[in-house]
Amino acid sequence: MTTAQKQLQVSDEVAIQINKMNKWYGAFHVLRDIDLTVYRGERIVIAGPSGSGKSTLIRCINALEEHQEGSIEVDGTLLSSDLKNIDTIRSEVGMCFQHFNLFPHLTILENCMLAPVWVRKIPQKEARETAMHFLEKVKIPDQADKYPGQLSGGQQQRVAIARSLCMKPRIMLFDEPTSALDPEMIKEVLDTMVELAEEGMTMICVTHEMGFARKVANRVIFMDAGQIVEQNEPGEFFDNPQSERTKLFLSQIL
Ligand code: ADP
Ligand code: MG
């Protein structure tokens, strides 16, 4: 993808708007004055050292964690304590985490059909077709009738991604989706994410896969100590980092 193509795919419609957001875990100030506007079609990679608040930020966007100050708006819905708003936002936003627990007593296919059928009220037949489509996309349609415990960790993670996609989310959040996978599986998962990006999915990915960031992201955000320290398009971010903290981080990982 060229820079021009990347630009073309980003709309001026706002998908996520975060203003002056602060979060504490007890007395610990974990996120500080986060301001972030994500436009539809953006592929954002969040990088930063361990403990910098990347996961917490991702989890706040989906109301898995509560923030205490400032605002988060997803698709125009304000994230508040109103459960209806939280439901609306969660139905728009898919998530893939490093360790995503599948339901052990359901088959792979049933795992993928559960939420579409019970939450989205999609007919069984259509939900089954969608599930098989995404299981093919992550290259494990042959595992459909097995149970999670019969699959490798890497295969289970690909199921988790397929299961998220079955809800047809407008935004996908990834939190180190490939960190627990062996190299062969990393490539397959990243390939799936590249396809998603090319289809125009709005994505925020916490990842250490800097090759992926260069290839797919239109913006890389660097976090440290609960703050967004720096952000830029990947070429500039990697080749011309501005802050000392970013330079230090890049020198350690590249
Ligand atoms: P990252 O994903 O960048 O590694 P996290 O968002 O997981 O960072 O964590 C940021 C900081 O918040 C870390 O210091 C971590 O120990 C702390 N933290 C994370 N979750 C909790 C929690 N549930 N309670 C208290 N502190 C937490
Ligand atoms: Mg994390």
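Largest first, the extents of the alpha carbon coordinates of the stretch 207-254 on the three principal axes equal 26, 19, 18 Å. Sorting D82, D224 from the fewest to the most surrounding beta carbons within 10 angstrom yields D82, D224. Under Stokes-Einstein, with the Kirkwood radius over Cα pairs as Rh, the value for the stretch 44-115 at 10 °C and 1.306 mPa s is 111 µm²/s. Our helix-only sum for the chain, with -39,500 (n - 2.57) per DSSP H run of n ≥ 4 divided by its residues, gives a mean residue ellipticity at 222 nm of -12000 deg cm²/dmol.
Of the Cα atoms belonging to the chain, the radius of gyration and Dmax stand at 18.1, 55 Å. Taking 0.36 nm per residue of separation and subtracting the Cα-Cα distance, full extension of the segment from H133 to N22 would add 36.0 nm.
Its relative contact order, with pairs defined as Cα atoms under 8 Å and 6+ residues apart, puts the chain at 25 percent. Rounded to the nearest angstrom and listed largest first, the equivalent-ellipsoid semi-axes of the stretch 1-97 from its Cα gyration tensor are 24, 18, 12. Note on H208, H67, H105: ascending count of other Cβ atoms within 10 Å places them as H105, H208, H67, the fewest first. DSSP finds beta bridges in the chain, and of those with both partners inside it, around 55 percent are antiparallel. Label sites at H105 and K84, each approximated as a point 7 angstrom past Cα along Cα to Cβ, lie 3.3 nm apart.
Here, the stretch 113-254 is characterised by an Rg to Rh ratio of 1.04, where Rg is the alpha-carbon radius of gyration and Rh the Kirkwood radius.
Straight-line cross-link partners of K146 among the lysines, defined as a Cα under 25 Å from its Cα and at least 8 positions apart when in the same chain: K121, K125, K137, K168, K187.
Using 0.36 nm per residue and subtracting the Cα-Cα separation, the extra length available between Q68 and Q98 on full extension is 8.2 nm.
Here, each number is a calculation from the coordinates, and none is a lab measurement. Computed from a predicted model, the values in this text were never measured in an experiment. Every residue, glycine among them, receives a Cβ derived from its backbone with ideal geometry; neighbour counts consider all protein chains shown.
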